[in-house]
Amino acid sequence: MTAPKHLRWAMLLSTTLASSLSAYAQPDVKGQMKPLWEFGLGAAALSLPDYRGSDESRGYLLPLPYLVYRGEVFKANRDGASARLFDGPRVKLGLNANASLPVSSKRNKAREGMPNLAGSVEIGPALDVHLLESASGEVRLNFRLPVSGGVTLGQGDMSATGWQTAPHLNIDVANVAGWSGWNLGALVGPIYADRRRNAYFYDVAPTYARADRPAYASRGGYAGAQFTTALSKRFDRFWVGAFVRYDTLQGAVFDDSPLVKKKSYLAGGIGISWIIDQSSTLVATED
């Protein structure tokens, strides 16, 4: 499990994890009356690679907040924390945030002797286009186009880690297979990143080159693809969810980097949060 020195990043990643576990699989059916805000806290266990392309994974046990806010402008729900900049009947533009844990090169054989990868936070605009919806509102298909830029934290001065975009199709299914309250979500799409972002993870400077790890310089472009599916249910006093993500780097512009040791893998997690409190004010859901 993660060492105590990662605790400050655990809280940051757990917010992202809450989005990963619940976001794709917790649609609010349009017109439903729900509390303006809900708050809970629990724990999640997950297995993630050190970085995309690493053949070494870690187990994490993290706090898992359950945060829902259904305001007109700011929202924290199945899309993570976001602020709506434009809200049309079919097209929405918002801001989204993300985060990642640091990686110690002492614990990763491929990066042995290289600088550690600092934890990072990312933020950027996200375009959401509503494509299809069933008559009941229980099935929705959206196209999403998030673009995010990252900065490192926790190792001295902040530095930019570059930009990436991950256009994808997202389907949400409420009450899946007739199971009341069980919600299924899935997304699939490619990832594109600029040269700086790819360089941050996959470059090998001549200083750190060795016989089994030649110097390498990345370029920007296609960075692989992901497929994520998640299942969740909100009970009266607690929420449970799980997700599985398949990631492939086949054909990525950096797939020949000596730091890419595995071109496809599975990651996943499961979590539970107890609902501590919720607003007495009810609002009609719009998504």
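Residue-level check: of (1) under 21 Å from L95 (Cβ atoms); (2) surrounded by fewer than 18 Cβ atoms within 10 Å (Cβ to Cβ), R210 misses just (1). The set of residues in segment 236-253 that are under 19 Å from L266 (Cβ atoms), out of contact with any Lys or Arg (no Cβ under 9 Å at 6 or more places or on another chain) and among the hydrophobic types (A, V, I, L, M, F, W, C) comprises A242, F243, V244.
Scanning segment 136-174 for residues that are polar (S, T, N, Q) and surrounded by fewer than 17 Cβ atoms within 10 Å (Cβ to Cβ) yields S136, Q155, S159. The number of residues in segment 175-184 being buried (at least 18 other Cβ atoms within 10 Å of the Cβ) and polar (S, T, N, Q) comes to 1. In segment 65-105, the qualifying residues are those that are at pLDDT 80 or above and not in a strand (DSSP E or B), and the one that is farthest from K34 (Cα to Cα) is S105. Scanning segment 204-218 for residues being β-branched (V, I, T) and touching a Phe, Trp or Tyr at 6+ places or on another chain (Cβ under 8 Å) gives a total of 1. Can you tell me which residue within segment 115-169, out of those that are among the polar types (S, T, N, Q) and not in a strand (DSSP E or B), is farthest from A223 (Cα to Cα)? My answer is S136. The set of residues from segment 43-57 being surrounded by 19 or more Cβ atoms within 10 Å (Cβ to Cβ) and on the phi < 0 side of the Ramachandran plot comprises A44, L46, L48, P49, D50, Y51, R52, S54. Selection within segment 243-287: residues that are part of a strand (DSSP E or B) and β-branched (V, I, T). The member of this set that is surrounded by the fewest Cβ atoms within 10 Å (Cβ to Cβ) is I276. Quick check on D236: is it closer than 24 Å to S136 by Cβ and part of a loop (DSSP other than H, G, I, E, B)? Yes, satisfied.
The values are calculated or read from the model by the stated rules, or taken from the named source; none is laboratory data. Given the structure is predicted, the values throughout are model-derived calculations rather than measurements. Here Cβ is always computed from backbone atoms with ideal geometry, including for glycine, and neighbour counts include all displayed protein chains.
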